[in-house]
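The values are calculated or read from the model by the stated rules, or taken from the named source; none is laboratory data. On a predicted model such as this, the values are computed, not experimentally measured, just so you know. Cβ placement follows ideal geometry from the backbone for every residue including glycine, while neighbour counts extend to all protein chains displayed. Note: areas computed on protein heavy atoms with side chains; ligands, DNA, RNA excluded. Shrake-Rupley method; radii C 1.70, N 1.55, O 1.52, S 1.80 Å.
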Amino acid sequence: MRYHRITINLADDLRQAAEAVALLGSSSADYEALADAAVLSGQKQIAAARRLLDTRAAWMAGTIARRSRPELGHSGLAAQQGFLSPEALIQKWTGSSKGDAYKMVAVSTMMADAEAAEKQVEAALSSPDADAAEVAEFEAKVPWQAPIARAVTAGTLSVDAAESIRSGLGQIDAAVTAEKLGAALEALLTEASSLNADEVFKRARRMRDRLDEAGIAAREKQAYDDRYMRVYRLGNGDVRLSGLFAPEDGEFVLSTFD
């Protein structure tokens, strides 16, 4: 029942957010006529509406991905439409980048896994036949990323920030347990609302490094070993550049390019 109530509330939130944005105006001239205070509040309203829309975009991406599973073969949704992957279908129909399509599918998969696990817990809690051991077993299956999924569903965390946290904190391994990642996530979510997606990723990456200090040297060496840059001339005289850089080198390249 909790998920049903959340869905109803989110539908109301989306309608109210869309109405608030619509009232801002319908042209550049309308926006130029706004007072400074209205501009600042309007920017926040647009961001809130976009987060709520992106939540739905993630749900839809997840649905497309599940209906395009490799085991479905040519009967999968993406294959029926002539695409090799759900990401390719999403990219084509939304006009987004390949990276954005993959991000949407990754976040939506995380959200679906968390929601399914939490529904099992709710079902066990509401069942008169369930004992404490059974409930605990279901609770143990709830992924540590569940708070990320809940925040995206509620519209308080953007899909971009969710992916920054997911990729920045990384996965469970021998040194970093779900409990450690959950504690780091709790601390990070309290800060996320005041950070942009790039800042969230950097903060999450630093948290991961603190949790796994022994693995830092190995990851840095791997990143260093994986570096490459190729520059060559094509037959028509154009010059093509391709490369892979370690994070620090990459930041320099990005800042120079910008």
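Report yes if ASP113 is open to solvent by 20 Å² or more (accessible area, probe 1.4 Å), closer than 30 Å to LEU84 by Cα, within 11 Å of the chain's Cα centre (by Cα) and not basic (Lys, Arg), otherwise no.
Criteria not met by ASP113.
Examine region 151-172 for a residue that is farther than 21 Å from ALA187 by Cα, aliphatic (A, V, I, L, M) and in contact with a helix residue (DSSP H, G or I) (Cβ under 7 Å, 6 or more places away or on another chain), and state whether such a residue exists.
no
Count, please, the residues in region 198-214 that happen to be modelled with pLDDT under 90, among the aliphatic types (A, V, I, L, M) and buried (at least 16 other Cβ atoms within 10 Å of the Cβ).
1
Scanning for something part of a helix (DSSP H, G or I), charged (D, E, K, R), open to solvent by 40 Å² or more (accessible area, probe 1.4 Å) and under 30 Å from PRO247 (Cα atoms), does region 122-142 turn up at least one residue?
Looking through region 122-142, none of the residues is part of a helix (DSSP H, G or I), charged (D, E, K, R), open to solvent by 40 Å² or more (accessible area, probe 1.4 Å) and under 30 Å from PRO247 (Cα atoms).
Taking ALA61 as meeting all but one of (1) assigned to a helix (DSSP H, G or I); (2) without any contact (Cβ under 8 Å) to a residue 24 or more places away in the chain, write down the number of the exception.
The number of the failed condition is (2).
Regarding ALA217, is this residue open to solvent by less than 90 Å² (accessible area, probe 1.4 Å) and at pLDDT below 80? Outline the logic, then answer.
Values: open to solvent by less than 90 Å² (accessible area, probe 1.4 Å): yes; at pLDDT below 80: yes.
Judged against the criteria, ALA217 is a match.
For LEU84, indicate whether it is open to solvent by 70 Å² or more (accessible area, probe 1.4 Å), outside any helix (DSSP H, G or I) and on the phi < 0 side of the Ramachandran plot.
On the way: open to solvent by 70 Å² or more (accessible area, probe 1.4 Å): yes; outside any helix (DSSP H, G or I): yes; on the phi < 0 side of the Ramachandran plot: yes.
Answer is yes for this residue.
With SER68, SER75 as the choices, which residue is exposed (fewer than 12 other Cβ atoms within 10 Å of the Cβ), among the hydroxyl-bearing types (Ser, Thr, Tyr) and closer than 28 Å to LYS92 by Cα?
Just one listed residue meets the conditions, SER75.
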